[in-house]
1. Would you say residue 255 is at pLDDT below 95 and over 29 Å from the mean Cα position of the chain (by Cα)?
2. List the number of the failed condition for residue 204; all other conditions in (1) out of contact with any helix residue (DSSP H, G or I) (no Cβ under 7 Å at 6 or more places or on another chain); (2) modelled with pLDDT under 95 hold.
3. For a quick check of your reading of the model, give me the residue pairs whose first member lies in segment 227-246 and is closer than 26 Å to residue 150 by Cβ and free of Cβ contacts under 8 Å to residues at least 60 places away in the same chain, whose second is among the polar types (S, T, N, Q) and crowded, with 24+ Cβ neighbours inside 10 Å, with beta-carbon atoms closer than 7 Å and at least 6 apart or on different chains.
4. Out of 169, 104, 128, I need the residue that is more than 25 Å from residue 19 (Cβ to Cβ) and surrounded by 19 or more Cβ atoms within 10 Å (Cβ to Cβ). Which one?
5. Go over the candidates 34, 21 one by one and state the one that is at pLDDT below 90 and under 24 Å from residue 81 (Cβ atoms).
6. Using the structure shown, decide if residue 70 is surrounded by 16 or more Cβ atoms within 10 Å (Cβ to Cβ), at pLDDT 95 or above and aliphatic (A, V, I, L, M).
7. Going through segment 195-213 one residue at a time, which ones are more than 28 Å from residue 177 (Cα to Cα) and buried (at least 18 other Cβ atoms within 10 Å of the Cβ)?
Amino acid sequence: MFLGASIPAAFFLYAVAPWSYLSYYLKYVLAGLYIIGLLLVIPRIIRAQAFSETIKTPWLVGRILLMLIAITLVLYWVAGYTYIASDAVNLKFPFHTDKKYYVMQGGASRLTNPAHRNFSKQLYGYAMDVAALYPLGNRANGIHPKDLNNYAIYGDTLFSPCDGVVIQMVDSIVENTPGTYFIKLVHGNHVIIQNKDYRLFMAHFIRKSVTVKIGDTVSLGQPIARVGNAGFSAEPHLHINVLKGYKKSNLLEKLSKLPIGKRFTDLPEWQFEYPYDGNSVPFLFDGEFYSINDIMQRKN
């Protein structure tokens, strides 16, 4: 019964714990130590005939509950990889560096994608937050440093993962000091690209780093912006989401009626009223679906 609870619990920690705060590679250390522990403990259990001993009812119930909780958590992790293939959108991986990129949260369950799914499954159910790792497997130089430049992903250029037209762009929001949030405009500096079949949303860029404007046609692989920490964001990362089933917007029509000289500068307040609606759908990078703690890299 002890093993029945400890095995799924150890696997849960291996798969879901936020290892990048220290080093992603510590998960392998945990796995090694756990296997060594099993090799040492199992013979002792067998010699003591622990499996044939009578266990008092309260202890038995407690162990069964622990085992069921651990198994349930593992099943939630498995559910994070489930999606309907026909709904999925295949994107090109958006970074061109040789770094390893890390899924802070993502996937199809509340366990693997907690902030997004618990806020709105409809709008953010498959959204993903992406960080990068230094060579030692840490996402930052320190547990939670205040200097933005200490984060591995900070300043990385994002390249468009699809073709489309820019239907919304905000580029004026000052970045947060890590650990603080700007809730007036939660998405911060962001870009929305309208593809023929879906709408691609990307957020939290460095102020004045966005290289496209509303109405631009963008091509796959075109530079879009640099990753930052603006909006409702505690640390530098890329927030990315794909939407279908959205309403039509008259934002472009409104912009077309502005004087030419003001069309993309000094935009009025209603540019922030863009309807962020629709249904979040699963998306893949180069044919692969990712969930929490997964590592992603550019494919040559």
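The values are calculated or read from the model by the stated rules, or taken from the named source; none is laboratory data. Keep in mind that what you see is a predicted model, and the values were worked out from it rather than measured. Ideal geometry is used to build each Cβ from the backbone, glycine not excepted, and the neighbour counts take in all protein chains shown.
1. On the way: at pLDDT below 95: yes; over 29 Å from the mean Cα position of the chain (by Cα): yes.
When the stated conditions are applied, residue 255 passes them.
2. (2)
3. 230/189
4. Values: 104 fails: more than 25 Å from residue 19 (Cβ to Cβ); 128 fails: more than 25 Å from residue 19 (Cβ to Cβ).
Sole residue among the options that is more than 25 Å from residue 19 (Cβ to Cβ) and surrounded by 19 or more Cβ atoms within 10 Å (Cβ to Cβ): 169.
5. Every option except 34 fails the conditions.
6. Values: surrounded by 16 or more Cβ atoms within 10 Å (Cβ to Cβ): yes; at pLDDT 95 or above: no; aliphatic (A, V, I, L, M): yes.
So residue 70 does not fit the description; no.
7. In the first step, residues of segment 195-213 are kept if they are more than 28 Å from residue 177 (Cα to Cα); the result is 195-199.
Correct list: 198, 199.
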